[in-house]
Amino acid sequence: MRQTLQTAVIAAVVSILTVKASAIYQKTTDLVSSNSTPPKGFWQTPTIEGYGKIHDRPMAAFRPDSSQHYKVVFQIQNGHQPKQSVNSELDHVARTVNLYVAAGVPLQNLKFVVAIAGSATPVVLDNQHYHEKFGVDNPNLPLIARLKQAGIIVSVCDQAVAGHNYPFDWVDNNVTHALSNLTTVTTLQQQGYVLMPM
């Protein structure tokens, strides 16, 4: 009798869970389907147009103070991604600029330096040499140009350029040659910059 009761209870629970699971699955599917395409204007690129998508949240915590100056050095060293795509770490720099400006910080209050080295070094090659090396145009150059236009310094470690056996004149004109990534980061930190490893 006891085993029959246990079997009946288990069967009832399984039956309820089966019905509920179907309803939960349907609600989850509906939720995901309805959110698959955000409404127009949800993602914005207010300053670095076309790069670094943000969704502004005016009431979110830890918003930058618009009266302050911000000094950040971004260390970019990862280039292990498709050569026809914009480097995701460089795109995050654009996102950071967009977030600060959307929060009300004037662009001139942002002192940002991008320090590129390691496997990310090829992102700074001019289009001709990038195309020769990888068979596609350099997708990073428009972003680098927009960052420079916004006052962001994009630099490359000349030790990494030499280590990749690239002649120095292969580096795009919008990129600043730095002695090394090591000295760039430490020098800027002594000047009050915050290191943001990407």
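Filter Lys83/Lys148; Lys40/Lys148; Lys71/Lys148 down to the pairs with a C-alpha to C-alpha distance above 18 Å, please. Please report the intermediate quantities before stating the final value.
On the way: Lys83/Lys148 22 Å; Lys40/Lys148 28 Å; Lys71/Lys148 16 Å.
Exceeds cut-off: Lys83/Lys148; Lys40/Lys148.
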Could you state the principal axis extents of the C-alpha atoms in the range 42-118, from the largest down, to the nearest angstrom?
37, 28, 21
Rounded to a whole number, what is D in µm²/s for the range 51-179 from Stokes-Einstein with the Kirkwood radius over alpha-carbon pairs (25 °C, 0.890 mPa s)?
161
Would you tally the net charge around Leu125, using a Cβ to Cβ cut-off of less than 13 Å, leaving Leu125 out, and scoring K and R as +1, D and E as -1?
-3
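Taking 0.36 nm per intervening residue step and subtracting the Cα-Cα distance, what contour gain separates His55 from His92 on full extension?
Details: separation 37, 0.36 × 37 = 13.32 nm, distance 1.35 nm.
Contour length minus Cα-Cα distance gives 12.0 nm.
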Tell me, what is the FRET efficiency for Phe62 and Thr37 to the nearest 0.05, using R0 = 30 angstrom and their Cβ-Cβ distance as r?
0.55
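At 1.4 Å probe radius, can you tell me the per residue accessible area of the range 61-183 in Å²? Don't skip to the end; give the middle numbers.
Details: 5730 Å² over 123 residues.
That works out to 47 Å² for each residue.
So, counting K/R as plus one and D/E as minus one, what does the shell of residues with Cβ under 15 Å around Leu188 add up to?
On the way: positive: Lys71, Lys111; negative: none.
Cβ neighbours under 15 Å give a net charge of +2.
The values are calculated or read from the model by the stated rules, or taken from the named source; none is laboratory data. As the structure is a prediction and not an experimental result, all values here were calculated from the model. Cβ atoms come from the backbone with ideal geometry, glycine included; neighbour counts cover every protein chain shown. Protein only, heavy atoms only, side chains kept; ligands, DNA and RNA dropped before computing areas. Shrake-Rupley method; radii C 1.70, N 1.55, O 1.52, S 1.80 Å.
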